[in-house]
């Protein structure tokens, strides 16, 4: 039976964008199942002591911009650190992915396309027509998925993902949870791969 990794992420997170393709490649190499769990970050930050970017100290905000450039270079990915349509409400994009999951459709490629829309293509992901066009271009039913994203089922799953994230001690995105062990941030992918390769028991916090 393949090992499962719970993938907590947000379409508004540049770190999710930078880590998405490397994570999907990693999971494929190890035959791991990826359980996609889009989450709304605001309530998670509020519960776990995190701050939205605008409320962080200027020093931290400046360091983030440097790190984005470093990791873009490291990953070999072009990234616009000041995208035109950011910040934005990521709920529609996240819930479109939930609608695709509920329809039994593949979501890894659509997720990557959504992330690049923010951080590379200067696209407005708060616009339903933009997201529908992204899905259509991949051969998916864009209008149906966007409509589903605005329905009660997707909203309920989005809320449930938040509760599951908090129960798993997730406090930021992306987070990868393997056997209850949280790996926070795309810069922890090497450690996640080590855990998969070794088959070791998950580490736990020691009181």
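Quick note: the coordinates plus some simple rules give every number you see, no bench work behind them. Computed from a predicted structure; not experimentally measured. Every residue, glycine among them, receives a Cβ derived from its backbone with ideal geometry; neighbour counts consider all protein chains shown.
Here are a few things to note about the model shown:
- With respect to the conditions (1) part of a loop (DSSP other than H, G, I, E, B); (2) closer than 27 Å to residue 74 by Cβ; (3) without any contact (Cβ under 8 Å) to a residue 60 or more places away in the chain, residue 195 lacks only one, and its number is (1).
- Residue 64, sole failed condition from (1) under 15 Å from residue 177 (Cα atoms); (2) assigned to a helix (DSSP H, G or I): (1)
- Candidate set from the range 134-155 (those that are in contact with a helix residue (DSSP H, G or I) (Cβ under 6 Å, 6 or more places away or on another chain) and farther than 11 Å from residue 113 by Cα); member that is surrounded by the most Cβ atoms within 10 Å (Cβ to Cβ): 145
- Residues located in the range 108-118, provided they are surrounded by fewer than 24 Cβ atoms within 10 Å (Cβ to Cβ) and farther than 16 Å from residue 142 by Cα: 116
- Any hit, the range 43-59, residues being closer than 22 Å to residue 123 by Cα and part of a helix (DSSP H, G or I): yes
- Residues in the range 9-25 that are over 18 Å from residue 96 (Cβ atoms) and crowded, with 20+ Cβ neighbours inside 10 Å: 14, 15, 18, 19, 23.
- Some residue of the range 100-107 being more than 15 Å from the chain's Cα centre (by Cα), surrounded by 14 or more Cβ atoms within 10 Å (Cβ to Cβ) and within 21 Å of residue 178 (Cα to Cα): no
- Exclusive hit being loosely packed, with under 14 Cβ neighbours inside 10 Å, over 23 Å from residue 202 (Cα atoms), in contact with a helix residue (DSSP H, G or I) (Cβ under 8 Å, 6 or more places away or on another chain) and free of Cβ contacts under 8 Å to residues at least 60 places away in the same chain, set 33, 59, 78: 78
- Checking residue 83 against (1) touching a helix residue (DSSP H, G or I) at 6+ places or on another chain (Cβ under 9 Å); (2) over 21 Å from residue 194 (Cα atoms); (3) not in a loop (DSSP other than H, G, I, E, B), the condition it does not meet: (3)
- Residues that are touching a residue at least 40 places away in the same chain (Cβ under 8 Å) and part of a helix (DSSP H, G or I) within the range 100-137 comprise 100, 101, 102, 108, 111, 112, 114, 115, 116, 118, 119, listed in sequence order.
- Considering residues of the range 156-184 that are part of a helix (DSSP H, G or I) and out of contact with any helix residue (DSSP H, G or I) (no Cβ under 7 Å at 6 or more places or on another chain) only, the residue surrounded by the fewest Cβ atoms within 10 Å (Cβ to Cβ): 167
- Residue 142 meets the conditions (1) touching a residue at least 24 places away in the same chain (Cβ under 8 Å); (2) out of contact with any strand residue (DSSP E or B) (no Cβ under 6 Å at 6 or more places or on another chain) in every case but one. The failed one is (1).
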